[in-house]
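Since the structure comes first, as C-alpha cells, the remarks are kept for the end.
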Amino acid sequence: MDNRSTSAVLDSVAAMELWHSHLLREKIDQSSLLVQGNRACALGALDAGVRFFAGYPITPSSEIMEAMAYELPRVGGVFVQMEDEIASICACIGASLSGWLGMTATSGPGFSLMQEAIGYAIMVEAPLVIVDVMREGPSTGRVSAPSQGDVMQARWGTHGDHPAIVLAASNVADMYRLTMAAVRFAQRFRTPVTLLADEVVGHMRESFSPELVGRYRLTSGDFDFTPGYVHPDLAREVHPPHILGSEAHPHVTGCTHDETGFPTNDAKKSERFLHELYDKVTNHRDELCLYDVKNEGKGRVCVVAYGSCARSARAAWRLAELEGLPVEVLHLYTLFPLPIEVIQTVARRVEFMLIPELNLGQYAREVRKLAENWTTVISMGKIDGTLITPREILDQVTRLIGKYESV
Amino acid sequence: MNPSANAPQGVRAAGPEETETPRVSARVGLLADRDFVEVRFCGSGGQGLLLMGLILAVAANHDHRCVVQTESYGPEARGGHSRSDVIISDTAIDYPTLDSADLLVALSQEAADGYTRSLRREGILMYDSGKVTNPPSFPGMTIGVPFTRLATEETGRPQTTNVLTLGAVVGITGVVSVESLTKAVMEAVPAGTTEVNARALARGLALDYAEWMVDSC
C-alpha cells in the first residue's frame, strides 16, 4: 500500500469496483461479480440510457454520483456537480425539458431540499429519476445508519395534490433493475420517479450479474429517448412535451396551465389538468405496481415488507417453514401508487398482516387503511439504526398465531 | 446476540433465481466445509479493514459463491471504529447483515473488547497479539498472532498487515480458496506494491496456527 494516503487506498478500491463494472458488460459469460448497491444503481441508469446526471454528494448515496462522474463522459453523457441539492434537481429538470432525462441521487437532507422542485417537475411534466438512499433522520441524523424514514416524504414531500411513483430496492440486483424501471416509468409517464434504498442496500456489496437479475429486467430496447416522444398507448393521457431549444418557443410554468402551456384561472380547465396529472399514474397501477409473493395463499400471517426488511421477512419465512408456521411474504417493490388490489387480495385471505419497517409505521398506516376491513394490521417499527432481524419477525409471528390459538 | 444464531445451517436457503455453478478450486482449513460462514474484521480506521472485507468478498465471488459484504465506520480518516462483515454462502443470502460471527479478526484492543460477544461460542477468535495486549475471555478457539510485527518484518511496511492477516485467515480457515484470494489481492492492491503484497500474502498463508494458539479462558 506504499506510503500513499488513506484516500489513495480508497481510490484504488473505487477503481477496482469500477473495473468490475466494466467487466460486467464485457464478460457476460462470467456468472457473477461483486458489485456495490450504489454502483449497480449507476449501472442500471447507464444501461437504461440515462445521459445526464447532476448531483451533490452525500453519504450514503455518493457512490452513485461517483460512478456517474466516471462513466458519463465516456459514453457521451453530461455530468455536473452542482453547488447543492436544489441546484442539482433544477439542473435535472432543465435537462428533462430539453429532451434528455435528468437523474440525481441523494439522501434525506438533500431530498428535503429537492421537494419544492419535485413539485415543479410534476407540474411541468418533466421526467426525472431521483434516488434517495435513506439514512436515519430527521435532519443530519446518523449518516450511515439504515432507515426507511423517507417513505411518506417520497409520497407527500411536496405540496398540493400530486401523483407519485415510488420504488423501493432491497438488494443489489434491485438497485440495477429498479433503476431501469424508474427510468422507464419516468419516461413513459413524464413525471418524477423516486427510488428509495435503505443505507445498507446502497452500501452493501453482493454477488450480482445483470444477466441473472430475472424479473422486471429491461434492456435498452425498452427505452425511447427521442425528444418529445410519448408512447402511443399513453397519447391520450400524457401531455406531449414542449422541448426547449426546438424551433418553437414553449412556455413552461409551475402555475396551473392549459394545453398551450400558459397559466389558466379557469376552474374547469385547472381541475381537469390536475386530474390528468393524477390519473396518468393511478390509471396504470397494474403496470407500475411491482411485487412478489412468497408462499402465496398458504399463510395465516402475511409479512408485508420492502427494502432491507423484505430480506429479513424472507429469512423469517424460511425459519417459519422449519417450525411449521404458516407465513406468507408480500414483497413490495412499488410503494406508490399504492398496490391497492395486491394488498386487498392478500388481506382477504390472511388473519394478520405484519409490517416490519425501519420507521415508526409509515407504510403500515397506508396498508391499514386498505386492509383493516378484512384483517388485523400490525406495525412493527424500529428506529435504532439496526435492521429488523428474521428472529424478531418470527417471534412476532409466533406471538400472533399463539394469541389466536388461545382465543 | 440473536437466538437465530442457533438455527440450522442453510436456513437462508436457495432463492429460485440462483443457478448452480461448480466451484473453481478446493478450500482447505477449519471452516472450509461450511456452506454458510460469517466473518467480521474489526479494528480502528486506517488499518485497511474495509479493504480486507472487500478482498475476501471478491475472493468468495471468484469461488462462485454467494456473498454479501457490509461495513461500518466512523467519520475519522484514522482512528475511530472500523468494521467490515462478510457473509459467504452456497445459496442466496436473505438477511444481509452479520448475525453472529464464525470468525472474528480483531486488530485493536477496543475492537476485540467490543466485538468478541458477536462471535458464536464455537467460532474462532483471531487477533493481533501486538495490539490486543489484554485478550478478551472467549471459550472457543483463540489464535493470537503479532500480525503487524510479522508484516513489518516481512516487507518493512506495516501497511501490508491487512494482506498478511488475510493470508493467515485463509490459510487457517479456508473460507475461500487460496487461488481466489491471490487473484483478489492482486486486483485490489495499488500498482507498484504487487511484490511486497505478494510476500505479505505468502507469509500469512504459511502461518502455522498451532504455533499461535492461545489457551481458552
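Readers should treat all values here as calculations from the given coordinates under stated rules, not as data from a laboratory. From a predicted model like this one, the values you see are computed outputs, not experimental measurements. Note that each Cβ is placed from the backbone with ideal geometry, even for glycine, and that neighbours are counted across all protein chains shown.
In chain A, helices alone account for a calculated mean residue ellipticity at 222 nm of -13500 deg cm²/dmol, with every DSSP H run of four or more residues adding -39,500 (n - 2.57). Here's the list of aspartates and glutamates a cross-link from residue A:280 could span, going by alpha-carbon distance under 18 Å and ignoring same-chain residues fewer than 8 apart: A:125, A:161, A:233, A:237, A:258, A:259, A:271, A:341.
With the simple model of a label 7 Å out from the Cα in the direction of the Cβ, residue B:73 to residue A:369 spans 4.2 nm. Averaging 1/r across all pairs of distinct Cα atoms in the protein assembly as shown and inverting the result yields a Kirkwood radius of 25.5 Å. When 1/r is averaged over all different Cα pairs and the result inverted, which Kirkwood radius in Å belongs to chain B? When all Cα pairs of chain B are included, the Kirkwood radius is 17.2 Å. Rounded to whole numbers, the Karplus 3J(HN,Hα) couplings from phi for segment A:75-83 are 10, x, x, 10, 10, 10, 8, 8, 7 Hz, using 6.51 cos²θ - 1.76 cosθ + 1.60 with θ = phi - 60°, and x at Gly and Pro. Across all Cα pairs in segment A:294-406, the calculated P(r) in 5 Å bins from zero up to the longest distance comes to 2, 13, 26, 27, 21, 9, 2, 0 percent per bin. The string of couplings for segment A:262-278 from the Karplus curve (6.51, -1.76, 1.60, θ = phi - 60°) is 9, x, 9, 10, 5, 4, 4, 5, 6, 5, 4, 4, 5, 5, 5, 4, 5 Hz, one whole number per residue in order, with x for Gly and Pro.
Residue ranges A:378-391, B:154-167, A:248-261, A:107-120 sort as B:154-167, A:107-120, A:378-391, A:248-261 when ordered by packing (mean number of other C-beta atoms within 10 Å per residue, highest first).
Neighbouring Cβ atoms from other chains, within 10 Å of the Cβ of residues in A:191-204, number 2 on average. Extension gain for residue B:33 to residue B:183 (0.36 nm times residue separation, less C-alpha to C-alpha distance): 51.9 nm. Legend: calculated FRET efficiency, residue A:247 to residue A:142, from the Cβ-Cβ distance at R0 = 51 Å, rounded to 0.05, equals 0.50.
A Förster distance of 30 Å, applied to the separation of the beta-carbon atoms of residue A:276 and residue A:300, puts the FRET efficiency at 0.10. Residues whose amide H falls under 5 Å from that of residue A:303, counting only those 5 or more places apart or on a different chain, are A:328, A:329, A:330, A:354, with hydrogens built in the peptide plane. Shielding by partners for peptide A:310-322, expressed as the average number of C-beta atoms from other protein chains within 10 Å of each residue's C-beta, is 4.
The alpha carbons of segment A:213-265 give a radius of gyration and a Dmax of 15.4, 49 Å, in that order. Under 5 Å from the amide H of residue A:209 lie the amide H atoms of A:33, each residue being 5 or more positions distant or on a separate chain, with H modelled from the backbone and absent for Pro and chain starts.
Compared with the direct C-alpha span, the chain from residue A:75 to residue A:159 gains 26.6 nm at full extension, assuming 0.36 nm per residue. Each peptide in A:282-288, B:175-181 receives the mean, over its residues, of other Cβ atoms within 10 Å, and ordering these scores from highest gives B:175-181, A:282-288. Subtracting the Cα-Cα distance of residue A:360 and residue A:259 from their residue separation scaled by 0.36 nm leaves 32.2 nm.
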